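Since the structure comes first, as C-alpha cells, the remarks are kept for the end.
The values are calculated or read from the model by the stated rules, or taken from the named source; none is laboratory data. Quick caveat, the model's predicted, so the values are computed rather than measured. Please note: Cβ atoms are built from the backbone with ideal geometry, for glycine as well, and neighbour counts cover all protein chains shown.
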Amino acid sequence: MQKTLDRKIRAVLLYIDRVRTEKEICEIHGIVPRTFRRWVRAYRNGGIDNLRPGKRGTPRGTNSVPKRLQQNIVRLEQKHPSWGEGASKVPVRSALPLGNSTPHLYTPRQEILQ
C-alpha cells in the first residue's frame, strides 16, 4: 500500500511542478490518463491524504432498512395475508420504496410491532 501511495504522490508532484507532462507520467507508470487526472484532482482537493486508498465496500449501516419502514412492511403483510410469498407480493413491493428482494427479509420479524 505504501508503494502505491508513494507512486501516486511522486507522479502528481512531477505533474504539478511541471517536470513531466500527463502523457509522460501515464506512460512511465502504465496508467490511463483518466486515472491520473483522478489522482491530480484528489490531491488538489485534499492533499496527500486524499491520495490514500479509502475503505472498500459499503459503509456500515447504509444497507439497513429504517425501523419505520420495517414496521410498514410487517403491518401491510398482516393486513393483506392473501398477498402470499414471493413474486405475488407485488402490492407490498409497490407500496414501499424497496428493491424486489427486500420485503421478505422483514416478514418474520414480528417483534417489531411489540
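Observations on the structure shown:
- Residues in region 33-46 that are at pLDDT 95 or above and surrounded by fewer than 11 Cβ atoms within 10 Å (Cβ to Cβ): Arg34 only.
- Of all residues in region 68-84, those that are at pLDDT below 80 and loosely packed, with under 10 Cβ neighbours inside 10 Å total 2.
- Filter result for Arg18 (assigned to a loop (DSSP other than H, G, I, E, B) and either at pLDDT 90 or above or touching a helix residue (DSSP H, G or I) at 6+ places or on another chain (Cβ under 7 Å) (or both)): yes
- Test: Asp49 is of a type outside the set (S, T, N, Q), in a helix (DSSP H, G or I) and loosely packed, with under 11 Cβ neighbours inside 10 Å: yes
- Meets criteria (at pLDDT below 75, over 26 Å from the mean Cα position of the chain (by Cα), polar (S, T, N, Q) and part of a helix (DSSP H, G or I)) for Ser88: yes
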